[in-house]
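The values are calculated or read from the model by the stated rules, or taken from the named source; none is laboratory data. Here the structure is a predicted model, which means the values were calculated and not measured. Because the Cβ atoms are built from the backbone with ideal geometry, glycine has one as well, and the counts that use them run over all protein chains shown. Note: accessible area is taken over every heavy atom of the protein model, side chains too, but ligands, DNA and RNA are not part of it. Shrake-Rupley method; radii C 1.70, N 1.55, O 1.52, S 1.80 Å.
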Amino acid sequence: MSERTIPYKLYLEENEIPKQWYNVRADMKIKPAPLLNPGTLQPLKAEELAPIFCDELIKQELDDDTAYVDIPEEIREYYKTFRPSPVMRAYNLEKALGTPAKIYYKFEGNNTSGSHKLNSALAQAYYAKKQGLKGVTTETGAGQWGTALSMASAYFGLDCKVFMVKVSYEQKPFRREVMRTYGASVTPSPSMETEVGRKILEAHPGTTGSLGCAISEAVEVATKNDGYRYVLGSVLNQVLLHQSIIGLEAKAALDKYNITPDIIIGCAGGGSNLGGLIAPFMGEKLRGEKDYRIIAVEPASCPSFTRGKFAYDFCDTGMICPLAKMYTLGSGFIPSPNHAGGLRFHGMSTILSQLYHDGYMEATSVEQTAVFEAAEKFARTEGILPAPESSHAIRAAMDEALKCKETGEEKTILFGLTGTGYFDMVAYEKFHNGEMNDYIPTDEDLAVGFAGIPRFEGNEF
Ligand SMILES: *Cc1c(COP(=O)(O)O)cnc(C)c1O
């Protein structure tokens, strides 16, 4: 084999872990629309958010102008145990596809939570502890966020209460035990422990739950218990800020080898890994310095960007959270129980929604059997067992690479490999047994969710 100038792993050194996060809002000419108080329909003020969120995180949430935010030394210290994460060259996948494209991926699965979520969990737990709080509450879907927050809470000495979407709780009992190992309490949602949970169960007995519903429960518990705040693993501006470490590291590693991606691809649930991966590249694009094709990939069964409405909507089913202007399927939207691949949130980060609306990025949706085919191909060539969520990005990267095979173009593709799939074996099993099917919601199905989007002057969609 000929000598390669680019290695498999484009490592950075420990001292090259970024010292600051990058806030892409600072470079956006049109800022994401502010969160609204659902009662008054006025932009939320910091003091209104204070009963729900930690003070420093509220500051980060509302700050559209500061481009760089120092990463506290205590957080960097833990980052050093699992970062920098490698950028990998997918030589073996390229060969199997027979493509002239060069494929790179940033791998975030090298920690026990198995995903990028630990990047923000550490930051959020740190600020909660610094404020002198007793604990945090949250929701989790597939379980990666709950695990990440459990780890971060154990590290900083906080109590951690997790509401886990019931369908995942039942499918992934071992996820629950991982969280309990780190000291968290885990409750299947909807539960009888909260007012909103009891209400939802009464209206929809036997429901398998949704992220929106688990959020409502976690928020209720945080606001009703002294010394507790609610933390969220995606969607919010602060989470995208923390996740910018993914993109900053990726860019630093690529720059070392004089590599410039043509296409940057990430899966999109609430938008945090994608927002983080693209942050510094998007900054260059917004400032007119460089151009990149940026593609968000979502499941065809939960198509917020590609079929959703750009409107103010609730982030939770219980309609107690602030209104966010985003691409949404409606807070009452619950993906088909058939859907196995995560990324099931009905809405999307307001930052990414605005960027998509303004034409700075594209979006595509993929069906789950095609996603698992890509996952399998990736596992067999690159060796890593990918999370189903991440495999949406693999699918799109493979499709772009196959287009290059047809045209002969040697494009450079970078995608986010957000995590590993060890706890997703029920989904893989369904796929292997030929029991997985592609359910795509009809326009009529989606209309039910859209009907729940609040209507008020200025919120036409
Ligand atoms: C949570 C998660 C996602 C999706 O969340 P985003 O906020 O859209 O990044 C993707 N991949 C993995 C492995 C996850 O755990």
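Per-residue Karplus couplings for the range 62-67, computed as 6.51 cos²θ - 1.76 cosθ + 1.60 with θ equal to phi - 60°, are listed in order as 8, 8, 8, 10, 6, 6 Hz, Gly and Pro entered as x. Relative contact order of the range 293-379, taken over Cα pairs closer than 8 Å and 6 or more residues apart, is 37 percent.
Carbon-plus-sulfur accessible fraction, the chain (probe radius 1.4 Å, protein heavy atoms only): 50%.
Given a Förster distance of 41 Å, report the FRET efficiency between Glu406 and Asp70 from their Cβ-Cβ distance, rounded to the nearest 0.05. After rounding, the FRET efficiency stands at 0.30. Solvent-accessible surface (1.4 Å probe) assigned to His346 amounts to roughly 10 Å².
Ranking Arg89, Arg176 by solvent-accessible area of protein heavy atoms (1.4 Å probe, all protein chains present), from largest to smallest, gives Arg176, Arg89.
Extending 7 Å from Cα along the Cβ direction at Phe456 and again at Lys80 yields two label points whose distance is 4.8 nm. To the nearest 10 degrees, how steeply does helix 118-130 sit against the main Cα axis of the chain, on a 0 to 90 scale? So the helix axis and the longest Cα principal axis differ by about 40 degrees. Each other residue within a Cβ distance under 15 Å of Lys161 adds +1 if Lys or Arg and -1 if Asp or Glu, for a net charge of -1. Taking all Cα pairs closer than 8 Å and separated by 6 or more residues, the relative contact order of the range 62-143 comes to 23 percent. Of the residues Arg395, Arg293, Arg83, the one with the largest accessible area comes first in the ranking Arg293, Arg395, Arg83, computed with a 1.4 Å probe on protein heavy atoms.
Relative contact order of the chain: 19 percent, from C-alpha pairs under 8 Å at least 6 residues apart in sequence. Size descriptor for the range 154-216, Kirkwood hydrodynamic radius: 12.2 Å (Cα pairs only, one decimal).
Based on the alpha-carbon gyration tensor of the chain and its eigenvalue square roots a ≥ b ≥ c, which shape applies: rounded if a/c is under 1.5, prolate if not and a/b is larger than b/c, or oblate?
Cα axes put the chain in the rounded bin.
A crude spin-label estimate for the pair Lys256 and Glu289, with each label 7 Å from Cα along the Cβ direction, gives 2.0 nm.
Surface calculation, 1.4 Å probe, protein heavy atoms: Thr418 sits at approximately 10 Å² accessible.
For a straight C-alpha distance cut-off of 17 angstrom, the aspartates and glutamates reachable from Lys403 (same-chain residues fewer than eight places away being disregarded) are Glu94, Asp262, Glu362. In the chain, the calculated helix contribution to ellipticity at 222 nm averages -12500 deg cm²/dmol per residue, counting -39,500 (n - 2.57) for every DSSP H run with n ≥ 4.
With r defined as the distance between the Cβ atoms of Lys9 and Ile30 and R0 fixed at 41 Å, what FRET efficiency is calculated, to the nearest 0.05? In this case the efficiency is close to 0.60. Return the long-range amide H neighbours of Cys160 (sequence gap of 5 or more, or a different chain), with a cut-off of under 5 Å between placed amide H atoms. For Cys160, whose amide H was placed from the backbone, the distant partners under 5 Å are Val136, Ser185.
The heavy atoms of Ile215 present about 10 square angstrom of accessible area, all protein chains included, probe 1.4 Å.
When you count the other C-beta atoms within 10 angstrom of each residue and take the mean per peptide, 371-378, 386-393 line up highest first as 386-393, 371-378.
For the residue pairs Lys285/Lys309; Lys80/Lys325; Lys172/Lys309; Lys130/Lys161; Lys9/Lys430, the C-alpha atoms sit more than 29 angstrom apart in Lys80/Lys325; Lys172/Lys309; Lys9/Lys430.
All other residues whose Cβ lies under 12 angstrom from that of Pro299 are scored, Lys and Arg at +1 and Asp and Glu at -1, for a net of -1. Each of Glu14, Glu444 has its accessible area taken with a 1.4 Å probe; listed largest first, they run Glu444, Glu14.
Counting each pair of different Cα atoms once, what's the Kirkwood radius of the range 146-260 in Å, rounded to one decimal?
Here the Kirkwood hydrodynamic radius works out to 16.0 Å.
Computed from the C-beta positions of Thr40 and His204 and an R0 of 22 Å, the FRET efficiency is 0.15 to the nearest 0.05.
Using 0.36 nm per residue and subtracting the Cα-Cα separation, the extra length available between Glu193 and Asp55 on full extension is 47.0 nm.
Annotation: the antiparallel percentage among DSSP beta bridges lying fully within the chain is about 35.
If we count every other residue with Cβ under 9 angstrom of Glu14's Cβ, Lys/Arg +1 and Asp/Glu -1, where does the sum land?
That works out to 0.
In straight-distance terms, cross-link reach from Lys199 covers every one of the aspartates and glutamates whose alpha-carbon lies under 12 Å from its own, apart from those fewer than eight places away in the same chain; here that gives Glu217.
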